[in-house]
């Protein structure tokens, strides 16, 4: 088993003062810092996913401070940054080829947003033949609305994690 740490979209716009603030972003980031430290200590490859939206969107605009990876988990020499333009980190990117070059077969996934990019990437990873360990406490999301009802971020997070558990990922 060869593992790689996949950190999805931990970018400034998701933190307080950003253009698309998530609930508990700092708490998730703190846990991601621990995963990074552990990975560096054991030589586990670290891959950062950075999302850029189209110019007509209102956050994650290429060249803006909001689209930058958080300085608190900034990549170091030897880490890989892969840019994506869709929720699925595999779609239109070099992620699968890079993982194959590492001979990785297991992904430890963490990051932002549980209900969107994390969920989509975890499900796609299965399609590509990877085993996934999802670090649930190292992910964050936001309140969602449906028919005028607010679904709290905590509920959104738990529902998506529960849906991924077992078939798509081992929750850690």
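Values for this structure:
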quantity: Members of segment 96-128 that are out of contact with any strand residue (DSSP E or B) (no Cβ under 7 Å at 6 or more places or on another chain) and either buried (at least 19 other Cβ atoms within 10 Å of the Cβ) or closer than 27 Å to residue 55 by Cα (or both); calculated: 96, 116, 119, 120, 124
quantity: Residue within segment 88-95 that is free of Cβ contacts under 8 Å to residues at least 12 places away in the same chain, part of a loop (DSSP other than H, G, I, E, B), on the phi > 0 side of the Ramachandran plot and surrounded by fewer than 17 Cβ atoms within 10 Å (Cβ to Cβ) present; calculated: yes
quantity: Residue match in segment 43-63 (condition: farther than 22 Å from residue 100 by Cβ, part of a loop (DSSP other than H, G, I, E, B) and touching a residue at least 40 places away in the same chain (Cβ under 8 Å)); calculated: yes
quantity: Strands (runs of 3 or more DSSP E) wholly inside segment 103-172 containing at least 3 residues that are in contact (Cβ under 8 Å) with a residue 24 or more places away in the chain; calculated: 106-112, 131-140
quantity: All positions within segment 13-33 that are in contact (Cβ under 8 Å) with a residue 12 or more places away in the chain and surrounded by fewer than 20 Cβ atoms within 10 Å (Cβ to Cβ); calculated: 15, 18, 19, 20, 21, 23, 24, 27, 31, 33
quantity: Subset tally (residues that are surrounded by 13 or more Cβ atoms within 10 Å (Cβ to Cβ) and in a loop (DSSP other than H, G, I, E, B)) for segment 66-85; calculated: 5
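Any read-out appearing in this document is the output of simple, stated calculations on the displayed coordinates, not a laboratory observation. What you are looking at is a predicted structure, and each value in this text was computed from that prediction instead of being measured. Don't worry about glycine lacking a Cβ; one is built from the backbone with ideal geometry, like all the others, and counts go over all protein chains shown.
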